[in-house]
């Protein structure tokens with residue numbers, strides 16, 4: 001059984017990328033830190049760190065060990081804070097998962113403010129368009145966009161999402177404006193494999209559109225670049241292409257149709273019970289940042305075809 005102090009030293013070495021930096025944080029000399037790490041590796045029977053005179057890197061085994069041990073250290077810190085009445089203090093590694101495009105555009109640029117306000121937190125941000133198993137992969141909170149199905153997870157709606165069909169003016173000049181949903185059959189429709197069919201709401205109620213076009217991909221960013229380049233029509237969110245809609249680089253197509261207003265940006269986490277301060281504060285930070293009217297929708301209600309889509313979205 002490893003000493004908890006050794007585990008904390010290991011976590012700080014990995015987080016700082018340096019034996020000496022970890023030692024300064026804990027009031028230990030680099031020699032003591034190195035000795036403790038050697039003993040930890042001996043007890044485990046495996047190499048956790050690769051050391052050179054210039055840097056420290058983590059082995060594959062060390063990375064897996066770090067991901068599990070950092071959660072333990074954070075949990076111990078939260079437990080101590082709860083007992084001492086200091087539970088409002090956020091500390092430890094905060095593992096966040098977010099969709100690639102949304103994370104790059106609307107999470108990463110704002111992390112500096114959160115970290116500055118919570119200096120004892122290290123944010124481990126993973127961007128992926130794949131569905132993440134929060135419990136199995138040790139994720140503290142995931143940002144998910146869509147209509148959430150019932151599950152054992154807890155979800156908080158952070159912002160509304162508005163999706164409209166759009167295309168570049170050059171594409172519409174070549175192929176014409178579709179006048180009806182049926183006209184989409186003769187147009188190039190761009191979507192990820194997961195986005196087929198398009199589920200829309202229009203004057204006649206709900207309608208599903210099978211997507212047919214020259215490009216199939218698993219990447220939302222590829223679809224985004226393709227529609228801007230004039231390859232076809234795409235169903236895109238205003239958080240993704242609001243700037244292009246505002247500048248005229250993209251135009252709304254079939255403005256009477258839009259994606260379900262039940263779609264939203266959600267923070268999803270495993271349980272409300274003993275919610276760590278770092279998770280609660282991060283979710284509150286994003287909720288304040290995005291809501292109740294997301295900054296990415298500012299001014300878009302004056303764009304032809306967007307006014308109706310931006311109105312009447314339910315909160316929940």
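The values are calculated or read from the model by the stated rules, or taken from the named source; none is laboratory data. This structure is a prediction, so every number in the text was calculated from the model and none was measured. Cβ atoms come from the backbone with ideal geometry, glycine included; neighbour counts cover every protein chain shown.
Can you tell me which residue in segment 263-280 is surrounded by the most Cβ atoms within 10 Å (Cβ to Cβ), limited to those that are closer than 15 Å to residue 91 by Cα and in contact with a helix residue (DSSP H, G or I) (Cβ under 8 Å, 6 or more places away or on another chain)?
Looking at the filtered set, the residue picked out is 278.
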For segment 100-111, check the following and say yes or no: at least one residue is at pLDDT below 95, part of a loop (DSSP other than H, G, I, E, B) and surrounded by fewer than 20 Cβ atoms within 10 Å (Cβ to Cβ). no
Mind checking which helices (runs of 4 or more DSSP H) fall wholly inside segment 1-54 and carry at least 3 residues that are over 15 Å from residue 66 (Cβ atoms)? 19-26, 30-44
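Name the single residue, out of those in segment 55-87 being assigned to a loop (DSSP other than H, G, I, E, B) and either touching a strand residue (DSSP E or B) at 6+ places or on another chain (Cβ under 7 Å) or at pLDDT below 70 (or both), that is surrounded by the fewest Cβ atoms within 10 Å (Cβ to Cβ).
Narrowing segment 55-87 to residues assigned to a loop (DSSP other than H, G, I, E, B): 55, 59, 85-87.
Right, trim to either touching a strand residue (DSSP E or B) at 6+ places or on another chain (Cβ under 7 Å) or at pLDDT below 70 (or both) and you get 59, 85-87.
Details: 59: 15, 85: 7, 86: 13, 87: 17.
Among those that are assigned to a loop (DSSP other than H, G, I, E, B) and either touching a strand residue (DSSP E or B) at 6+ places or on another chain (Cβ under 7 Å) or at pLDDT below 70 (or both), it is 85.
So which residues in segment 88-99 are farther than 20 Å from residue 155 by Cβ and either assigned to a strand (DSSP E or B) or under 16 Å from the mean Cα position of the chain (by Cα) (or both)? Before you say what the answer is, go through the steps one by one.
Filtering segment 88-99 down to residues farther than 20 Å from residue 155 by Cβ leaves 88-93.
Listed by number, the residues that qualify are 92, 93.
Starting from residues that are part of a helix (DSSP H, G or I) and either out of contact with any strand residue (DSSP E or B) (no Cβ under 9 Å at 6 or more places or on another chain) or in the same structural domain as residue 100 (by TED's automatic domain parsing) (or both), keep the ones in segment 158-184 and report whichever is farthest from residue 290 (Cα to Cα). Even if it seems obvious, please write down each step before you answer.
Here is the first cut: in segment 158-184, the ones part of a helix (DSSP H, G or I) are 169-175, 181-184.
Filter once more, so that each one left must be either out of contact with any strand residue (DSSP E or B) (no Cβ under 9 Å at 6 or more places or on another chain) or in the same structural domain as residue 100 (by TED's automatic domain parsing) (or both): 170, 173-174, 182-183.
Values: 170: 33, 173: 35, 174: 37, 182: 36, 183: 36 Å.
My answer is 174.
Here is a check on your reading of the model: is residue 254 at positive phi and more than 18 Å from the chain's Cα centre (by Cα)? Break it down stepwise before answering.
Details: at positive phi: yes; more than 18 Å from the chain's Cα centre (by Cα): yes.
Criteria met by residue 254.
Do any helices (runs of 4 or more DSSP H) lying entirely in segment 188-295 carry at least 2 residues that are in the same structural domain as residue 119 (by TED's automatic domain parsing) and modelled with pLDDT of 90 or more, and which ones are they?
Numbers: elements: 220-228, 238-247, 277-290.
Because the criterion is at least 2 residues that are in the same structural domain as residue 119 (by TED's automatic domain parsing) and modelled with pLDDT of 90 or more, the helices (runs of 4 or more DSSP H) in segment 188-295 that meet it are 277-290.
Within segment 140-157, identify whether any single residue is assigned by TED's automatic domain parsing to the domain that holds residue 255, touching a strand residue (DSSP E or B) at 6+ places or on another chain (Cβ under 6 Å) and under 23 Å from residue 243 (Cα atoms), and answer yes or no.
Among the residues of segment 140-157, not one is assigned by TED's automatic domain parsing to the domain that holds residue 255, touching a strand residue (DSSP E or B) at 6+ places or on another chain (Cβ under 6 Å) and under 23 Å from residue 243 (Cα atoms), which makes the answer no.
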